Amino acid sequence: MREKGQRRVKLFFELLDQLQRQLLELAALVESTIHQGVTAALARDASDSRAVISQQRKIDELAAGINAFVTDLLALHHPVAGDLALLTASLKISSDLKRMGELSVNIAQRSIALSERSPIQFPHGLVEMAHRVQLMVSKSLQAFAQRLEELAAEVITADDDVDRLRTAMYGDLVRQMEEQPSLAAQEVDLMFIVHNLERIGDHATNIAEDVLLFVGGSKNWAPWTEKPTDTKESLDAFPSAPDAAISERPGLK
């Protein structure tokens, strides 16, 4: 009987490792999609934007697989304490990652529309916001994978900076619409891109808050042996708005 119980415990932890791999796969795909989507928007690259849209189904499938996997673990193994908290956090994080993927697709769709209109100057702060949001995503996932509460706190603090950038860009874009109504459609596209970036940052903050809630209350958790793809180096790869895509006009410096 005791041996049977030990085998059951061993199987459960093997399944937790499998869950880890599934979450990391989803996290890596979503991070890549965010980066590709924003890069395509800044470069006015409709082809890359369409490639981002094509990833939506895979993201949905991975998230659905994680949800089904966790549901089975809960039903069959009845975990308690820290293990239950881990599974609950995994469900929440999977949901946040799925939503990030959807928001990346929204950015790609607006980018395609923007690429088909007359060139327009991008708002000051858009590239910086893109950098900050992706770093928030990367840090939030690393904080969860390695149980790093301090890193999670950094993400939550960074959300205020992203909100300030969003507010400033909204103001600039509204003024530009008033000054040049003929460019209103492009300005609206840009407002939606800014909005979706800000929402991605919100979901990264959700993950960070889960780390503080679940990890902070479960000190017996050990860090996972792997961590999500580190995108810190990729931040420098964001292009500035290409000169050919910027019309020379005042405002939005």
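The values are calculated or read from the model by the stated rules, or taken from the named source; none is laboratory data. If you're wondering where the values come from, they're calculated on a predicted model, not measured in any experiment. Cβ: placed from backbone, ideal geometry, glycine included. Neighbour counts: every protein chain shown. Accessible surface is based on the protein model in full, side chains and every heavy atom, while ligands, DNA and RNA are left aside. Shrake-Rupley method; radii C 1.70, N 1.55, O 1.52, S 1.80 Å.
Take the residues in the range 10-57 that are in a helix (DSSP H, G or I) and basic (Lys, Arg); name whichever of them is farthest from residue 73 (Cα to Cα). Result: 50.
Looking only at the range 36-62, which residues are within 18 Å of the chain's Cα centre (by Cα) and of a type in the set (Ser, Thr, Tyr)? Hits for the range 36-62 are 39, 49, 54.
Any residue in the range 43-57 that is within 21 Å of residue 207 (Cα to Cα), in contact with a helix residue (DSSP H, G or I) (Cβ under 6 Å, 6 or more places away or on another chain), surrounded by 20 or more Cβ atoms within 10 Å (Cβ to Cβ) and in contact (Cβ under 8 Å) with a residue 40 or more places away in the chain? Within the range 43-57, none of the residues are within 21 Å of residue 207 (Cα to Cα), in contact with a helix residue (DSSP H, G or I) (Cβ under 6 Å, 6 or more places away or on another chain), surrounded by 20 or more Cβ atoms within 10 Å (Cβ to Cβ) and in contact (Cβ under 8 Å) with a residue 40 or more places away in the chain.
Kindly establish whether residue 152 is closer than 19 Å to residue 108 by Cβ, touching a helix residue (DSSP H, G or I) at 6+ places or on another chain (Cβ under 7 Å) and in contact (Cβ under 8 Å) with a residue 12 or more places away in the chain. Answer is no for this residue. If you go through the range 125-133 one residue at a time, do you hit one that is part of a helix (DSSP H, G or I), of a type in the set (Asp, Glu) and under 13 Å from residue 199 (Cβ atoms)? Within the range 125-133 (the criterion being part of a helix (DSSP H, G or I), of a type in the set (Asp, Glu) and under 13 Å from residue 199 (Cβ atoms)), the answer is no, since none of the residues qualifies. Quick check: anything in the range 93-113 more than 19 Å from residue 196 (Cβ to Cβ), at pLDDT 85 or above and surrounded by fewer than 21 Cβ atoms within 10 Å (Cβ to Cβ)? No, the range 93-113 contains no residue that is more than 19 Å from residue 196 (Cβ to Cβ), at pLDDT 85 or above and surrounded by fewer than 21 Cβ atoms within 10 Å (Cβ to Cβ). Just to be sure, is residue 127 modelled with pLDDT of 95 or more and β-branched (Val, Ile, Thr)? The answer is no for residue 127.
Pairs linking a residue in the range 181-195 that is without any contact (Cβ under 8 Å) to a residue 24 or more places away in the chain and more than 13 Å from residue 107 (Cα to Cα) to a residue that is open to solvent by 40 Å² or more (accessible area, probe 1.4 Å) and in a helix (DSSP H, G or I), with Cβ atoms under 7 Å and 6 or more positions apart or on different chains, are 184/177.
Residues in the range 115-125 that are open to solvent by less than 50 Å² (accessible area, probe 1.4 Å) and farther than 17 Å from residue 174 by Cβ: 115 alone.
Considering the range 136-190, the residues that are in a helix (DSSP H, G or I) and of a type in the set (Lys, Arg) include one that is surrounded by the most Cβ atoms within 10 Å (Cβ to Cβ), namely 139.
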